[in-house]
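So the structure is just underneath, and the comments pick up after that.
The values are calculated or read from the model by the stated rules, or taken from the named source; none is laboratory data. For clarity, every value in this text was computed on a predicted model and none was experimentally measured. Please note: Cβ atoms are built from the backbone with ideal geometry, for glycine as well, and neighbour counts cover all protein chains shown. Accessible surface is based on the protein model in full, side chains and every heavy atom, while ligands, DNA and RNA are left aside. Shrake-Rupley method; radii C 1.70, N 1.55, O 1.52, S 1.80 Å.
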Amino acid sequence: AATTALAHTGVKDPQVMARLNGMKTMGTDLKTLGQMARGITPFDEAKARAALAALKDETAKIPALFEPEASDPKSEALPAIWTDASGFAARTEGMAAALEATNVSSPEDIATSMRAIGAACSACHEDYRIEN
């Protein structure tokens, strides 16, 4: 969390900050699910459902967050987001589909679902995010 907070220090553009905060929220929710799947934290179906609902909500916000081509030296967004808008939209739809298919009824179900979610995250980050 400290690394993420440092990465957000100095962001001037409010649109970029909103994007970074949205992705940070998604990371927190993915961590919640991942830790339950791996048995690091106790399974709690209510918390898992809340994390999944928050992920769906943040994913739904992605198109609007990236609609304006805002930039900032701290931004991790590649220009391909805007030059390949249909590809970016397809990746967002892929994430939404993975989340819609997610089952959080048990740690095993979460683990299975996390593979598809991870693949969706990676597919987008590979083409549309600066490597850190």
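Here are a few things to note about the model shown:
- Residues located in segment 82-112, provided they are within 15 Å of the chain's Cα centre (by Cα) and touching a residue at least 24 places away in the same chain (Cβ under 8 Å): Phe88, Ala89, Arg91, Thr92, Gly94, Met95, Ala96, Leu99, Glu100, Thr102
- Scanning segment 72-116 for residues that are in a helix (DSSP H, G or I), open to solvent by less than 50 Å² (accessible area, probe 1.4 Å) and more than 19 Å from Leu55 (Cα to Cα) yields a count of 3.
- Out of Ser106, Ser86, Ser113, sole residue that is over 25 Å from Gly10 (Cα atoms) and touching a Phe, Trp or Tyr at 6+ places or on another chain (Cβ under 9 Å): Ser106
- Candidates are the residues of segment 55-71 that are part of a loop (DSSP other than H, G, I, E, B) and open to solvent by less than 80 Å² (accessible area, probe 1.4 Å); the one that is farthest from Gly10 (Cα to Cα) is Pro68.
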